[in-house]
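J.: The structure's right below; bear with me while I get my questions together.
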Amino acid sequence: MTSLAARKNLAKLGNMLLNIPMLLVILAPLIYTLMISVMPPDEIYQNVLIPSTINFGNYVKAFTHPAYNFLTFIRNSFIVSTSVMLGQMITCSLAAFAFAFLDFKGKKLLFILVLATMMVPGEATIIANYLTVSRWGWLDSFQALIIPYLTSAMGIFLMRQNYLTFSRELHEAAQLDGCNNPRFMASIVVPLSRPALGALGAYVFLNTWNQYMWPLLVTNSSSYRTVQIGISMLYDIDAESLGLMMAGVVIVIVPSLSIFIFMQKQLINGLMAGAVKG
Amino acid sequence: MSLSDSLKTRTAKPRITVKKGFYATVEPYLFLLPAFTIFALFLFYPFGRTIYLSTFLTDKLGNAKVFWGLGNYRDLFASSSFWASVGVTFQFVAIVAFGGLIAGLTTSLLTTRKYPGVTFASASYAMPVAIASAAASMAFRMILHPTNGLLNILLGTQINWRGDPNWALFSVSMVTIWLASGINFIFISAGLRGVPDELYESASIDGAGYWRKLFSITLPSISPTLFFQIIINIISAFQSFSQIRLLTEGGPGDATNVIVYAIYRDAFFNFRFGTAAARSIILFVIVLVITLIQFSFEKRSVHY
C-alpha cells in the first residue's frame, strides 16, 4: 500500500514539475517587462535579464514628466471605464427586466434583434461610427469614448438569464400589493441580482480599460487619450527609452491585474457570457 | 417531457390578468428605450451606413459622392493585394485558432489534478484574459527587439522578428496565441470538469494508461467544448487589430495586412471610405458564415 501512496505522490510531483516550463512561458512577458522597467538603462543594452540594482526612475518619470501625461491617461481611462460600466449596468438591467418580466407586442422580435447584434463584429461598423461622431463634432471628447458603448447585447443577455431564475409569482405578488414595476425592480430585483451585476461590471470595466481601436480613432489630443493609447504613443515620443515604455506597460496592467485577482470569479462569469461574441 | 412541453405548461398556468391602461402598454418600451437608442445610433444605423457607403465613391471626409454600385467590391475582388490580405488573414486565423486551443488544452490538462500550487498555476494560465492586447503588444515589442530583446537573447540569435517578412506573421501570431491562451484555458478547464469521474474509474480498472484515457475518454468527451472554443478563437482572431498596428503596421509589405488592418489603412491612410466599407461588409459576411456553422452544429449536437 505504501508503494501506491508513494506513486501518487510521485505523480503529483511530476505534475508540478511539468507546470514549471508552461508557467515560465505564460508569465515571462510580465516578469520580463517588470525587470526591464526597473533596470538601469545601460544594462538593457548589455542584454542583462535580471537588474543588478532596482531603479524606479522610469516610474517617477512616467508620472511626473509633462511629456508623458500618465496621470491624465489614467484619469481619462477611469472616467471612461466607470461611466461605461455604470451605463451598461443601468441600460442592460432595464432592457433585461422588460424581456424577463413584462409582456408586450414584438417582444420576441426585439429580443432576436438584440441577439443578432452579437453577430456584427464591432470592427465592421467602426468606420461608419467614426464618421458619425466626427460629423457631430465629438472627436476628442469623453462622449465619443463613452456613449457608443453604453449598452451591449451580452449585458442584456446576461441580466435576462439571471432574471429568468426569479419566479414569476414574485412579480405577480408584488403587483397585487400595488408595487409598481420601477419599485419592484429597485427594491427586489436589483438587490437580488448583485452577483450578476458584479460579473457584468467587472467584465465591462476591464474591456473598456483595455480598449484600443476606438479610442485610437476618436482621440487626437493627450487630454482625452486613454491609457492604452498613451503607452503605445511612448514610442513616438522617445524610441530610446525602452525602460520607460515598460514602466508604462506595468502601470496600465496593474489595474487590469487587480480586477483579475480580486474579482476573478465575477470576471470569469462575465467572460463566459461574453465569449459568445468573441 | 421535452423542453418545449415544459415551457408550455409553465405559461399555461392561470395567470392574474390586470386590465392594461395606456401606461402599462407603453411601460415595457420605456424600459427598452435606453438600450435601443444606443443600438439604433451606434449599431443599426452604422451597419446600414456601411452597406450604403460600400456602394459609393467617397471624398476625403467620408461623404458619399458617386454611386458606384458593386464597383468597390468588383475592384477589391480584382486586386491582388485584397487576395493577399485575405490569404494572410486566413493563415493568421488558422495559426491562432489552433495555437490558442493547444495552449489552452495543455494548460488545462496540467491543472486537472490537485497538487500544491495548482491554484497559482490555474490563475496564471487564466491571467492573459485580463491583459489588454495593446499593453501585451508593447511588452512583446521589447521581447522581440532585434538586438536587446528576450527572445533573441535566449536563442542567441539576431532575428528581426517584426521586420523580417518571414517572421512577422509568426510573431504577431505568437502574441495573439499568448493573449488567447487565457480564455481557452478557462473554457477547456470548465469542459474537463464536466467529464464524469466514473468514466476514468472504469477505464483505470481496465488498466488504461494516461494517454489512452486522454485520447479515448477525455478528448471525445470535451469535443463539443473544443469545437465551440475553436469558433470563438476564429471569430476573435478575425477581429485582431492592436497587435498588428503596434507590432508590424501590416508590414513588412503586406505580410501582416489582415482584413481589419486593411480596413483601417483604407480609411485613415488612403481616405477610401467606400473601399473600407466594402471590406467591412466582407468581414461581416465571413464572421456571419462562421457563426451560422456553429449554430447549425449546436442544433444537431443537442441530441447526442
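J.: Kindly indicate whether any position in the stretch A:202-220 is farther than 20 Å from A:S77 by Cβ and under 22 Å from the mean Cα position of the chain (by Cα). Reasoning before the result, please.
T.: From the stretch A:202-220, those farther than 20 Å from A:S77 by Cβ are none; that's our starting set.
Checked against the condition, which is being farther than 20 Å from A:S77 by Cβ and under 22 Å from the mean Cα position of the chain (by Cα), the stretch A:202-220 yields no hits at all.
J.: Tell me yes or no: at least one residue of the stretch B:129-138 is on the phi < 0 side of the Ramachandran plot, in contact (Cβ under 8 Å) with a residue 24 or more places away in the chain, part of a loop (DSSP other than H, G, I, E, B) and within 10 Å of another protein chain (Cβ to nearest Cβ). Please lay out each step first, then the result.
T.: Kept after step one, since they are on the phi < 0 side of the Ramachandran plot, are these residues of the stretch B:129-138: B:129-138.
If we keep only those that are in contact (Cβ under 8 Å) with a residue 24 or more places away in the chain as well, we get B:129-134, B:136-138.
Right, trim to part of a loop (DSSP other than H, G, I, E, B) and you get B:131-132.
After this cut, where a residue has to be within 10 Å of another protein chain (Cβ to nearest Cβ) as well, the list is B:131-132.
Checking the stretch B:129-138: at least one residue is on the phi < 0 side of the Ramachandran plot, in contact (Cβ under 8 Å) with a residue 24 or more places away in the chain, part of a loop (DSSP other than H, G, I, E, B) and within 10 Å of another protein chain (Cβ to nearest Cβ).
J.: On to the next question. Quick one: is A:G230 at the interface with chain B (Cβ under 9 Å from one of its Cβ atoms), in a helix (DSSP H, G or I) and closer than 14 Å to B:A135 by Cβ? Let's see the steps before the verdict.
T.: Working: at the interface with chain B (Cβ under 9 Å from one of its Cβ atoms): no; in a helix (DSSP H, G or I): yes; closer than 14 Å to B:A135 by Cβ: yes.
Judged against the criteria, A:G230 is not a match.
J.: Here is a follow-up. For the stretch B:32-55: of the residues being buried (at least 21 other Cβ atoms within 10 Å of the Cβ) and farther than 20 Å from A:Y149 by Cβ, which is nearest to the other protein chains (Cβ to nearest Cβ)?
T.: Per the criteria, the residue is B:L53.
J.: With a cut-off of at least 2 residues that are at the interface with chain A (Cβ under 9 Å from one of its Cβ atoms) and aromatic (F, W, Y), name the helices (runs of 4 or more DSSP H) lying wholly within the stretch B:236-304.
T.: Values: elements: B:242-247, B:259-268, B:273-301.
The helices (runs of 4 or more DSSP H) meeting that bar are B:259-268, B:273-301.
J.: I'd like to know if the stretch A:262-269 contains one or more residues that are surrounded by 14 or more Cβ atoms within 10 Å (Cβ to Cβ) and among the aromatic types (F, W, Y). Give the steps one after another, and end with the answer.
T.: So the first thing to find is which residues in the stretch A:262-269 are surrounded by 14 or more Cβ atoms within 10 Å (Cβ to Cβ), and the list is A:263-264, A:266-269.
Now restrict to residues that are among the aromatic types (F, W, Y): none.
No: the stretch A:262-269 contains no residue that is surrounded by 14 or more Cβ atoms within 10 Å (Cβ to Cβ) and among the aromatic types (F, W, Y).
J.: Search the stretch A:140-166 for residues that are not assigned by TED's automatic domain parsing to the domain that holds A:P121 and pair each with any residue that is buried (at least 23 other Cβ atoms within 10 Å of the Cβ) and modelled with pLDDT of 95 or more when their beta-carbon atoms are under 7 Å apart and the residues are at least 6 apart or on different chains.
T.: none
J.: I've got another one for you. Just to verify a result, which residue in the stretch B:139-156, among those that are facing chain A (nearest Cβ under 7 Å) and surrounded by fewer than 20 Cβ atoms within 10 Å (Cβ to Cβ), is modelled with the lowest pLDDT? Even if it seems obvious, please write down each step before you answer.
T.: Going through the stretch B:139-156, the residues facing chain A (nearest Cβ under 7 Å) turn out to be B:139-140, B:142-143, B:148, B:150, B:153.
Next cut, surrounded by fewer than 20 Cβ atoms within 10 Å (Cβ to Cβ) only: B:148, B:153.
Values: B:N148: 87, B:I153: 92.
By that ranking, first place goes to B:N148.
J.: Another one. Given the criterion farther than 20 Å from A:I31 by Cα, of a type in the set (V, I, T) and surrounded by fewer than 14 Cβ atoms within 10 Å (Cβ to Cβ), identify the matching residue among B:I159, B:I205, B:I188, B:I183. Even if it seems obvious, please write down each step before you answer.
T.: Numbers: B:I159 fails: surrounded by fewer than 14 Cβ atoms within 10 Å (Cβ to Cβ); B:I188 fails: surrounded by fewer than 14 Cβ atoms within 10 Å (Cβ to Cβ); B:I183 fails: surrounded by fewer than 14 Cβ atoms within 10 Å (Cβ to Cβ).
Only one candidate passes the filter, namely B:I205.
J.: Then there is this: Quick check, is B:A40 part of a helix (DSSP H, G or I) and within 22 Å of B:F238 (Cβ to Cβ)?
T.: Details: part of a helix (DSSP H, G or I): yes; within 22 Å of B:F238 (Cβ to Cβ): no.
The answer is no for B:A40.
J.: To continue, here is another question. Tell me, please, whether a residue that is under 24 Å from A:I79 (Cβ atoms), surrounded by fewer than 21 Cβ atoms within 10 Å (Cβ to Cβ) and either within 22 Å of the chain's Cα centre (by Cα) or in the same structural domain as A:V227 (by TED's automatic domain parsing) (or both) can be found in the stretch A:119-128.
T.: yes
The values are calculated or read from the model by the stated rules, or taken from the named source; none is laboratory data. Worth saying up front: this structure is predicted, and the values here are computed from it rather than measured. Backbone-built Cβ (ideal geometry, glycine too); neighbour counts: all protein chains shown.
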